[in-house]
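What follows draws every value from the coordinates through simple rules; no lab data is involved. Since the model is a prediction, treat every value here as computed from it, not as a measurement. No Cβ is skipped: glycine too gets one built from the backbone with ideal geometry, and neighbour counts run over all protein chains shown.
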Amino acid sequence: MRKQLRKPENWEDFESLCKKLWGEIWACGEIKKNGRKGQIQNGVDIYGIPRGEKLYYGIQCKGKDEYSNKQLSENEIDREINFAKSFKPPLAKFYFATTANKDAKIEEFIRIKDLENRQQELFEVHLFSWEDIVDLIDENKETHDWYLSLQKHKTNSNVLVSFENNENKLTGSVPFCEKFTHFKQRTTSVDSIFNYTPHRFQPKLDNFLFKGENRSYFRFKIKIKNTGNTPLENSKLVVQVNGEHYGIDDENFDTIFINQNIKTDIEINNKQGNFSINPHRVTLAPDEEYVSNFICIKPKTEGSEVDIIWKFISNNFKKEGFLKIDINTYLIRKDVGKNIEFKSQEIVARTIEDYIEEGE
């Protein structure tokens with residue numbers, strides 16, 4: 001149960017959680033938030049004197065990950081420690097409490113700063129990352145019950161956007177056609193003269209009735225999952241495609257006769273280099289997943305690295321994130337002959353074209 005505790009939705013809720021938690025740990029009914037938002041706090045958001053102690057302890061609350069997508073940095077730690085040195089009266093201990101996940105490098109840096117301060121007879125420095133805080137919540141029943149009750153009665157909107165395989169990164173490869181055209185002088189015979197049909201009267205069957213699959217496009221689907229506890233209504237995923245590529249399209253781009261009964265949920269805007277996914281369902285229930293139709297990207301012939309920058313929008317919730325696609329390419333050789341007039345020697349021309357897999 002304790003490992004499934006959700007992080008607070010915003011910094012203010014996290015500060016309230018820290019006040020409640022350390023108030024119980026310190027057995028300090030007089031624990032307080034320091035001033036109000038916008039005032040100079042000298043690095044301290046919460047302060048109090050634990051039972052049995054004579055000096056103040058201070059806490060700096062750092063909301064990360066869920067709403068800033070960042071980790072605690074060494075510069076940030078140095079800055080807050082320097083601020084805390086100005087807190088009056090002087091602190092005995094200074095805590096960093098953060099929703100960021102545990103990081104061995106940052107924990108090592110905190111230990112170094114702690115020893116430096118002790119050697120200067122200043123306050124101790126400690127760090128509690130989210131996993132540490134979850135352990136403390138589990139060990140302190142009053143805070144545990146309070147936080148579970150608070151989360152139970154709160155609506156939480158969230159989505160997980162990924163590729164169809166639930167991954168954030170996709171790797172694949174597509175072929176291009178390495179075409180060698182051999183130009184040869186035309187040779188005629190009596191039969192060929194009588195059977196010859198001028199090219200302009202030949203029906204272009206390959207462009208009219210028969211068209212194979214263009215395999216030079218990389219095809220993928222995007223999955224949207226409602227991971228919150230409230231329905232998401234009128235949702236839409238707007239996607240910006242960054243990186244060099246030849247174009248974006250939906251799965252009908254190489255289809256001659258499109259079935260009007262099949263409606264794609266992909267809307268392409270190649271001028272702006274983006275597309276949107278408009279789910280066919282108006283409401284996405286909690287834990288429900290929606291998988292888009294195929295999106296098709298044509299990479300450069302030498303391959304492409306593409307960043308998928310997405311923004312999820314619904315009636316009362318929005319979220320941003322990104323996915324990544326690495327598309328490798330390879331060549332399939334094709335030799336074709338073409339007769340021309342008045343040439344004394346064979347000429348070979350090489351071109352790189354889309355690889356069309358002919359249908360039956």
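FRET efficiency for E53 and S276, Cβ-Cβ distance as r, R0 = 56 Å, nearest 0.05? Mind dumping the intermediate values first?
On the way: r = 57 Å, r/R0 = 1.03.
Computed FRET efficiency for E53 and S276 comes out at 0.45.
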* Asked: Past the 26 Å Cα-Cα mark, which pairs from K7/K88; K141/K319; K19/K85?
  -> K7/K88; K141/K319
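Could you please report the charge total around F180, scoring K, R as +1 and D, E as -1 over all other residues with beta-carbon less than 13 angstrom from its beta-carbon?
Summing Lys and Arg as +1 and Asp and Glu as -1 gives +2.
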* Structure fact -> With a Förster distance of 22 angstrom and the Cβ-Cβ distance between K32 and E116, calculated FRET efficiency to the nearest 0.05 equals 0.20
* Asked: Among N328, Q272, F312, which residue has its Cα positioned farthest towards the positive end of the charge dipole of segment 267-359, with +1 placed on the Cβ of Lys and Arg, -1 on the Cβ of Asp and Glu, and the dipole taken about the Cα centre?
  -> Q272
* Structure fact -> Two pseudo-spin positions, 7 Å from Cα along C-beta at K88 and at K184, lie apart in nanometres by 9.9
* Taking a cut-off of 18 Å between Cα atoms, list the aspartates and glutamates near K225, but don't count ones fewer than 8 places away on the same chain. => E66, E164, E167, E233, D265, D287, E288, E289, E320
* Asked: Under a point-charge model restricted to the Cβ atoms of Lys and Arg (+1) and Asp and Glu (-1), what is the dipole moment magnitude of segment 2-154 relative to its Cα centre, in debye to the nearest 20?
  -> 420
* First measure r as the distance between the Cβ atoms of E305 and C177, then evaluate 1/(1 + (r/R0)^6) with R0 = 25 Å and state the FRET efficiency to the nearest 0.05. => 0.65
* Mind jotting down the distance between the C-alpha centroids of segment 272-296 and segment 76-102, whole Å? => 44
* Asked: With the dipole of segment 2-154 worked out from charges on the C-beta (+1 for Lys and Arg, -1 for Asp and Glu) around the Cα centre, which of I46, T98, G63 lies farthest toward the positive end?
  -> I46
